[in-house]
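The values are calculated or read from the model by the stated rules, or taken from the named source; none is laboratory data. Predicted, not measured: the structure shown is a model, and the values here were computed from it. Cβ atoms come from the backbone with ideal geometry, glycine included; neighbour counts cover every protein chain shown.
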Amino acid sequence: MKFRSLVVILLLSWSLGAQSDRGVITGTVSDSTGALIPGVHVVLTNANTGAKTDTVTTGTGNYTLLELPAGSYTLAIEQAGFSKYEQTNIQVQVAVATRVDVVLKVGAATDSVTVTSESTLLKTETAEQSMTVAGNQIAELPINFGIGAGAIRNPYSFIQMTPGAFFNGWQNISINGAALNFKVVFEGQQSDDPYSTQVSDEIQPSVEAIEQFTLQTSNLTAEFGGVGNGGIYNFTSKSGTNQVHGSAYSYIMNTALNAGIPFTNDGTGHHQKVVKHLADYGFTVGGPVYIPKVYNGKNKTFFFFNLERYRDREALYNGITTVPNTEFLTGNLSNNLLVTANRNLGTDFAGRAIIQNAIYDPNTAVIDSSGRRVLNVFPNNIIPQSRIDPVAAKILAQFPKPNIGSDLFVNNFAETGDFYKLQQIPSLKVDQNFGSKFKVSAFLEGENTTKSNGVDGLPAILSQVRIQYIRSQILRLNADYTISPTLLFHFGSGYQQHRNPDTVPPISANYDNTQLGIVGSPGTGFPRIGGIGDNVYGGMTPSFGPGSRNLFIGRRLSGLPSLSWVHGNHTYKFGVEYKYDTTNYSSFTNMSPSYGFSSSETSQPLYGQVLPTGTGIGSAWASFLLGDYDSVTAGNGQELFYRRTSWAMFLQDNWKVTRKLTLDYGLRWDLQQPLAELHSRMASFSPTTPNPNANGLLGGVIYAGSGTGRCNCQFAPYYPFAIAPRFGAAYQINAKTVLRAGWGLSYGPLVALLTDPSASGTGFNSVTIPSPGNGVGAGFLSQPLVFNQQALWGATYDPGLNVVPGGGIQSAPALVDRNSGRPSRVNQWNISLQRELLRDVIVEAAFIGNHGVWEAQGSSQGFYNASVGNLINYDAVSPATLAKYGLSDLTDPNVRSLLSATIGSAAAIAAGFKPPYANFPSTASVLQSLRPFPQYSSIGQFQAPLGDSWYDALQTKVVKRISHGLTVSATYTFSKSLDSTTNAGSIYYRPSFKGLSTSYFPHLFSVSVDYTVPAIGFVKRSRIAKAILADWRITTLDTDQSGSLLGAPTSSNSIGSYVSTGYTRMVRVPGQPLYLKSLNCNCIDPTQQTVLNPNAWQNQAAGVPGSNIVYYNDFRGERRPNVSAGIGKQFRFKERAAFSIRAEFFNLFNMEESLSDPSTGSPQNPPTRSNQGLLTGGFGFMNYAGISANSVSSSLPTPRTGQIVARIDF
């Protein structure tokens, strides 16, 4: 009968369940001689709720109590012939097994032995590496606003206290050597967002609702998966207790507590301060459900409610940028020549001097006898105002005026403006105990975020600031049923939704662009333009126009039923995990045209001649003034629906081989659906499909799904072989020392549901009109836009997509890799030694190793290796092809000139080159004609699983559990991180890409201290002295890490312009120091001093291979030490009630400098300076103008900030 009931429960709850956020207590029961005692009744009682869990020892004297909510417990044992045993204050932690061995003494049942000490900190049951922090510790340490963008207090902040982990900007969390590779489990269910890990803070639990956090980083049990080489944030929420308890709290930031912004002036000789008014406040209350004369829920029904609100309104300072001054607005670019002292870069093919930053007049173009375009410069670099395009002139009228200095050319505009972020998280948890065998809990939360995203200081009609009204919900249901004392069934279910309307204000999105004279736009919206200026010469540096008009809705239904069985020395657990993820993606961004302006249209084509790195001719700003754009893109609206179903099964066993040795082993199987759209609206390049627009040449576009025009296929199949064995061992050498080791495979998640290859050609189209090449523009702003309406609006399923006969060469949709459904796999191992120095102090040293394979392209959405695309180029011209035509020697300027010549030029015709197909544009280059698929300029890859990664580390930590008012945690990590994609290697020899990973920080250190001054001596005896001198609380969190890796300068050998054989970095000069000044000396004036030695690098001549090494371990930016500290006082006014107030400061000593890392471009070029003599660029320049007061989009810290915290706890 029990078996039938169990089967029914399993079937009914197939779509329910939860990955465990619970803890375990296990141990043995023996007599004083060491003999194990079977059949002993063991009762565990939650100290706060009175909920009881019981079991009996097995035939081998072992017991295990499973699926325990985090909290404090009392263990009681009664057995005939022995005294009653009771141990109090046993702490259960999230996803942690705690061992409590019991020795019974012979005696009468009326006798009792009570043990009040806490259980050991040693981990004797698994090899898993993890760090556990109580929720109140996060609330009390000075880390509340210490992670990423300013926002409601972030529960992920305790990453700083975990070995091998750190954060670097907005949610850019790195664990064990890789970035954005974490998974969030809340109340047993995965809760990070389906479409982007980075926005998980918009669907997070409140810190005040969290009971405990565990970050699991290596050698997880088979129960946990889907994280690859990262870690799992495992949270459990607070529950009500038999006593009514709660809190009221307020965290306040104000301008008066903050440091000024370096290299600014408020007009009085002081640094500018940001007007800041920020508050994070709320309350909690929990207890038994009690309805007078109706229901008393003591020991049975409990609730816990939390409401947290965040209010941030400020005049945000987002750094200094450049807008056009009077001379630039009127077409006078003569200053561009003065800044570089009319530097002569060489002689062009016509025998004329090439002057850096000279602008050429496209109206003067003529064709010489070799078919080359020859242009003349604008005299004195001045464009006559009569030549300014009428549409450009109307756009110019919308630009803001410089607000710094007197009509400066650069760094003349402070990006300031009103900023606000309003958040609210109400949550409710209800627990119900139906006796000791059946327990249920439910959790409901909603998070509202209303914010202006970013500040650029531009007028609303130009601004790319987005106004977002984000709404999210989390629902959890968990249940535990004890079938027998040794058989437990657990199930849970979860649902969540995250709705993010990411869009600019209507004044920009709904702007009628015909007012500017634009004709042919598919919809409304100010035109989108970027890249027409910089902070070195001038122009309009910020991009403008409605950059985002999107709606994202991510949803997840999840669950996992599991069955646990304690038998003999074994604890078996079996479970099935289910997830259904969806993302609705709507976008109207492309309804307004996006214009791309380049210096090409106002440059002299050089046909293979190479200029020094970092130099150039022409100007994107000049091209804009002429209205001569390089490309334009527009499209219709999109409404796509991505989905993924994932399954997993696991079986694991915890085997107590002896009282000292425990083995933990298991097997997990994951099955994830490759990226799929509801109606298969996805396109891919196909190398075997004839292209009708290129006269049948192979290389066309195919469309997923079934029906007319489709391939009757899906691009990628399921990968059914994601089988992950796990093995761990823990050996207790003696009472104070444990040796642990583990090995296992772990499979990561597939690409996030916001990333797709292409929906073009399926009715959701964007159409690009590109430049035909050879320095000729795609069109003029004042000319009507002419888009193929069928291509723009229709579901064409055109195999010749993006190939316009006679038009400019465009890129193809990405090729969806057939193996894109195969998840990354990580081979993990660790060996660690734990030693208990004192009862409340342990030290641990662990060697950690990860080797990842099959890693796909990464992105800001949070997955894998960001540079996998370097390894493959489907449209590269091979060295063999060049050799076939006698063009192998790229050091020969004649070879480079011929490859750069147009296919219709006399030089190309004389050399015997012909168009590869009839409609090949005559302005395309000879090099383009030699590509495998000459109808396309480039062909990207989509999720080709080609990347590898390596991480090896020594991770150490010291933990002191609270005693005598003191809690301490210290960690240090020494590591090395490599990948197979970062270096500037050759696609024909992939090992050449292996090198140091971007996220390699060899040294990471953190220490946190929480100390409450006790009342001792006379203080304890005097109420007045006690009130004044005792209960002061001092807290600190200090971190330090190696500087970021700096990339080696890029060579101007121009090899990458012709072939994909790599070796495009400068060669390091032996014996030359890398730095002119130590970056950590606190003695640098970045307005006058550069810090890198240009003589440390040797450039290579054109066509000569350079180095493939991108990163050197000793070439790094400055260290980023950070000290945060707090001091406060607690006042008790009742036995169970207290008021506390404290002040906290982040980046206390401003040691974590806000300067960006130095520039590593163009060592051979002299630094540039403004007309006021201030540095504006150059090799080793540290951008002092980019310091921001908010790190929304920056990995750099803000200057010192402070907050006042007040709390009432009862």
In region 74-103, anything under 18 Å from Thr571 (Cβ atoms), not in a loop (DSSP other than H, G, I, E, B) and not hydrophobic (A, V, I, L, M, F, W, C) is listed as Thr98, Arg99
Scanning region 897-926 for residues that are assigned to a loop (DSSP other than H, G, I, E, B) and not hydrophobic (A, V, I, L, M, F, W, C) gives Gly904, Ser905, Gly912, Lys914, Pro915, Pro916, Tyr917, Asn919, Pro921, Ser922, Thr923
Exercise for review: Examine region 931-939 for a residue that is under 21 Å from Ser370 (Cα atoms) and either touching a strand residue (DSSP E or B) at 6+ places or on another chain (Cβ under 8 Å) or buried (at least 21 other Cβ atoms within 10 Å of the Cβ) (or both), and state whether such a residue exists.
Suggested key: no
Apart from one, (1) closer than 28 Å to Pro717 by Cα; (2) part of a strand (DSSP E or B) all hold for Gly821; the odd one out is (2)
Thr416 without any contact (Cβ under 8 Å) to a residue 60 or more places away in the chain and either of a type in the set (Val, Ile, Thr) or touching a helix residue (DSSP H, G or I) at 6+ places or on another chain (Cβ under 7 Å) (or both)
no
For region 664-682, the count of residues that are aliphatic (A, V, I, L, M), in a strand (DSSP E or B) and at pLDDT below 95 equals 1
(message) Just checking, does region 1045-1056 include any residue being of a type in the set (Gly, Ala, Ser), closer than 30 Å to Ile1141 by Cα, more than 32 Å from the chain's Cα centre (by Cα) and not in a helix (DSSP H, G or I)?
(response) no
The strands (runs of 3 or more DSSP E) lying wholly within region 357-474 that contain at least 2 residues that are of a type in the set (Val, Ile, Thr) and more than 36 Å from the chain's Cα centre (by Cα) are 360-367, 373-377
Report whether or not Gly554 is among the small types (Gly, Ala, Ser) and either in a loop (DSSP other than H, G, I, E, B) or over 30 Å from the mean Cα position of the chain (by Cα) (or both). no
So, first residue part of a strand (DSSP E or B) in region 567-579, second residue of a type in the set (Val, Ile, Thr), Cβ within less than 6 Å, six or more apart or across chains; the pairs are Thr571/Thr64
- prompt: Before we move on, is Asn590 surrounded by fewer than 24 Cβ atoms within 10 Å (Cβ to Cβ), in a helix (DSSP H, G or I) and in contact (Cβ under 8 Å) with a residue 40 or more places away in the chain?
  reply: yes
Notebook entry, point to check: Taking the condition under 30 Å from Arg1065 (Cα atoms), in contact with a Lys or Arg (Cβ under 8 Å, 6 or more places away or on another chain) and free of Cβ contacts under 8 Å to residues at least 60 places away in the same chain, does Leu978 pass?
Noted result: yes
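Give the residue, chosen from Thr132, Thr124, Thr110, Thr114, that is at pLDDT 75 or above, farther than 30 Å from Ser472 by Cα and either out of contact with any helix residue (DSSP H, G or I) (no Cβ under 9 Å at 6 or more places or on another chain) or not in a loop (DSSP other than H, G, I, E, B) (or both).
None of the other options fit; the residue is Thr124.
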For region 322-340, the count of residues that are among the hydrophobic types (A, V, I, L, M, F, W, C), in the same structural domain as Lys401 (by TED's automatic domain parsing) and out of contact with any helix residue (DSSP H, G or I) (no Cβ under 7 Å at 6 or more places or on another chain) equals 2
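Rundown of residues vs (1) in contact (Cβ under 8 Å) with a residue 12 or more places away in the chain; (2) farther than 30 Å from Ser196 by Cβ; (3) crowded, with 17+ Cβ neighbours inside 10 Å; (4) of a type in the set (D, E, K, R), yes/no style:
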{"position": "Val776", "(1), (2), (3), (4)": "yes, yes, yes, no"}
{"position": "Gly794", "(1), (2), (3), (4)": "yes, yes, no, no"}
{"position": "Tyr797", "(1), (2), (3), (4)": "yes, no, yes, no"}
{"position": "Gly808", "(1), (2), (3), (4)": "yes, yes, yes, no"}
{"position": "Ala814", "(1), (2), (3), (4)": "yes, no, yes, no"}
{"position": "Glu836", "(1), (2), (3), (4)": "yes, yes, yes, yes"}
query = Among the residues of region 234-241, is there at least one that is within 20 Å of Ser174 (Cβ to Cβ) and modelled with pLDDT of 80 or more?
reply = yes
Consider Ser1008 carefully, then state whether it is at pLDDT 95 or above and among the hydroxyl-bearing types (Ser, Thr, Tyr). no
Conditions (1) of a type in the set (Gly, Ala, Ser); (2) touching a Leu at 6+ places or on another chain (Cβ under 7 Å); (3) assigned by TED's automatic domain parsing to the domain that holds Ile355 -> Gly559 fails only (3)
*asked:* For region 608-630, check the following and say yes or no: at least one residue is in a strand (DSSP E or B), over 28 Å from Ala414 (Cβ atoms), touching an Asp or Glu at 6+ places or on another chain (Cβ under 6 Å) and not charged (D, E, K, R).
replied: no
For region 36-78 the number of residues that are at pLDDT 85 or above, out of contact with any strand residue (DSSP E or B) (no Cβ under 7 Å at 6 or more places or on another chain) and on the phi < 0 side of the Ramachandran plot is 1
Subset of region 281-304, residues outside any strand (DSSP E or B) and more than 10 Å from Val244 (Cα to Cα), comes to Pro292, Lys293, Val294, Gly297, Lys298, Asn299, Lys300
All-but-one check, Ala1027 against (1) part of a loop (DSSP other than H, G, I, E, B); (2) surrounded by fewer than 19 Cβ atoms within 10 Å (Cβ to Cβ); (3) in contact (Cβ under 8 Å) with a residue 60 or more places away in the chain, failing number (1)
Output for Cβ contacts, cut-off 8 Å, separation at least six or different chains, first residue under 28 Å from Leu422 (Cβ atoms) in region 268-279, second among the acidic types (Asp, Glu) and assigned to a loop (DSSP other than H, G, I, E, B), reads Gln272/Asp266; Lys273/Asp266
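Yes/no matrix, rows are residues, columns are (1) among the charged types (D, E, K, R); (2) touching an Asp or Glu at 6+ places or on another chain (Cβ under 9 Å); (3) on the phi > 0 side of the Ramachandran plot:
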position: Thr330; (1), (2), (3): no, no, no
position: Gln356; (1), (2), (3): no, no, no
position: Asp368; (1), (2), (3): yes, no, no
position: Gly371; (1), (2), (3): no, no, yes
Scanning region 311-359 residue by residue, those aromatic (Phe, Trp, Tyr) and buried (at least 22 other Cβ atoms within 10 Å of the Cβ) turn out to be Tyr317, Phe328
Legend entry - Condition check for Ala924: out of contact with any helix residue (DSSP H, G or I) (no Cβ under 7 Å at 6 or more places or on another chain), more than 30 Å from Asp1038 (Cβ to Cβ), touching a residue at least 40 places away in the same chain (Cβ under 8 Å) and not charged (D, E, K, R): yes
Practice task
Tell me, please, whether a residue that is without any contact (Cβ under 8 Å) to a residue 24 or more places away in the chain, surrounded by fewer than 18 Cβ atoms within 10 Å (Cβ to Cβ) and either acidic (Asp, Glu) or not in a loop (DSSP other than H, G, I, E, B) (or both) can be found in region 1093-1114.
Solution key: no
